[in-house]
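To keep things clear, I will list the structure first and then write my remarks on it.
The values are calculated or read from the model by the stated rules, or taken from the named source; none is laboratory data. What you see is a predicted model, and the numbers here were worked out from it, not measured in a lab. As a convention, Cβ positions derive from the backbone with ideal geometry for all residues, glycine included, and neighbour counts pool all protein chains shown.
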Amino acid sequence: MSLTFACECGKQLRAPEEFVGRQTKCPGCGRSVTVPAATAATLPAPALQAIAAAPALAPADPLPTAAVEPRISPLASSSIGLAALAVVLPLLLGIPVAVWLSAGWAVVVSLCMPLSLGVPAAILGIIGLSAINRGDGRLTGRGLAIGGLVLGLAASILGVVVGVGSGFVVALNTTKNSANRVVSANNLRQIGLAMLVYHDAVGNLPVADKKVTPLGQAKGLSWRVDLLPLLEENELYAQFKLDEPWDSPHNLKLVQRMPQIYRSPRFEYRGDGKTYYRALIGPHTILGGPKPFTLGKVQNFDGADSTLMVVEAAEPVIWTKPDELVYDPNGPLPKFGGPKQGDFVAVFADAHVETLSPKLGEKTLRAYITVDGNETIPPR
C-alpha cells in the first residue's frame, strides 16, 4: 500500500507504507522529507485526486550519517607507556642504586619496579583490547594494547627472575664476605698470639719501625719474618739471611713464598707476595719504637685491650719489607680497609680481634692507635 504526503515546497509525494519513518529527497526541491504515517483517509478529496495523479517515488535511499574519526585508545597508550617504563627504569636506576646505596637496594629496584609497572601495563592492555573490540571502529591502537600487554608481562617475569637471581647472588656474596672476615680475623688472632709469645720469649714486643739507610731505604726484614718460627714456618725462616736487607738478591727470592697466614681473603691476592696486614708505627704506637714496648708498660697506659697492633691496611706491601702504616699525631689518619677503605679487621695488644669501621670517628681511632694517650674510649 502506498502513502501520500506533501513536501514543504508543496510537491505531492507517494511512498510505500514500509518506508514510514525513513527519509527521502524531494524530487522538486531536494529537501530531506520524512515519510509520515498518515493515511489517505485523513486527506481532503482535492488532495486525494492530485495525489492519485502524482508519480510514485522510488524507494528512498537513507541519508549518509556523519563520519566519525577513529581515535587511539587511551588505555592502549597507557599500557605501552607503563610497559616501557617497567623495562627502562630498572636499567637506569639499578646500577646507580647499587653504587650509591647497596646491592640489596638494587635487588629491590630490579624486583619491585618491573612488577609495580609491568602488571598494571598488562592489565591496561587487556582492558584496552576489550574497549577496541567493542568500539565499532571508533577506537584504534590494537597494536599498542597488545604490545603493552606482552611487554608488561615480559617485564614482570624478567623482573622476578632478575630480582630473585640478584638476591641469591647478594646472599651468596654476603655469606662469602662473612666467611672471609672470619678467616682474616683468625689470621690476625694467630699473629697477635705470636706477638705475645715473642714478648714472653724475648721480653718485649718486636719493633716494626726498622732503621733506614741514609738514602731512606728500609733496612733489615719485617716483623712478619721475625714471627715465622712462632707461626710454624721454621723451614722458611731458616732460609732468610737475617744480616741482609729484605731486598738483597737472596732474600728477594723468598718474597713469593709468603705464608698463607699473611693473606687476607677479603682482598684480591695477585701472587706478588704482598700483604694487607701492616703494623702501626710512629710516635706513641706500640710497635713503633725506637725502644720496644713491654706489655706491662702498655697496661700502665691505655691498656692492651685498647691498643692496636696490626690492621688491614688500604694498600698491600711486600711481606718481607719493613713498610708499615705511619701514624702522625698532627696529620691525617693512615688508610685502612683495603682498596675501598671500608671496615677493617684489627688485632689489639692482648690478641683479641675486632672489625672496626671508619665511622667510629677520628678521635676514637686515634685513641686506639696510641699506647700512652690516656684517652677515654667509648664502651664497645
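A few remarks follow.
- Neighbours by Cβ (under 8 Å, 6+ apart or cross-chain): first from region 138-163, over 11 Å from Ile126 (Cα atoms); second surrounded by fewer than 18 Cβ atoms within 10 Å (Cβ to Cβ) and of a type in the set (Lys, Arg): Arg138/Arg71; Leu139/Arg71; Thr140/Arg71
- Close Cβ contacts (under 9 Å, 6 or more residues apart or on different chains) running from residues in region 218-246 that are β-branched (Val, Ile, Thr) to residues that are at pLDDT 95 or above and assigned to a loop (DSSP other than H, G, I, E, B) comprise Val225/Phe240; Val225/Leu254; Val225/Trp319; Val225/Thr320.
- Residue within region 315-333 that is hydrophobic (A, V, I, L, M, F, W, C), over 15 Å from Arg278 (Cβ atoms) and in contact (Cβ under 8 Å) with a residue 60 or more places away in the chain present: no
Yes or no, residue by residue, for (1) under 30 Å from Ser77 (Cα atoms); (2) among the aromatic types (Phe, Trp, Tyr); (3) surrounded by fewer than 21 Cβ atoms within 10 Å (Cβ to Cβ); (4) at pLDDT below 80:
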site: Leu158; (1), (2), (3), (4): yes, no, yes, yes
site: Gly163; (1), (2), (3), (4): yes, no, no, yes
site: Gly167; (1), (2), (3), (4): no, no, yes, yes
site: Leu172; (1), (2), (3), (4): no, no, yes, yes
site: Asp200; (1), (2), (3), (4): no, no, yes, no
site: Asn204; (1), (2), (3), (4): no, no, yes, no
site: Trp223; (1), (2), (3), (4): no, yes, no, no
site: Pro229; (1), (2), (3), (4): no, no, yes, no
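- Taken as a whole, the condition of being on the phi > 0 side of the Ramachandran plot and not β-branched (Val, Ile, Thr) does not apply to Glu244.
- Here region 298-357 is the region considered, the condition is being of a type in the set (A, V, I, L, M, F, W, C) and not in a strand (DSSP E or B), and the residue that is surrounded by the fewest Cβ atoms within 10 Å (Cβ to Cβ) is Leu333.
- Matching residues, region 235-282, being polar (S, T, N, Q) and farther than 11 Å from Val225 by Cβ: Ser248, Gln256, Gln260, Ser264, Thr275
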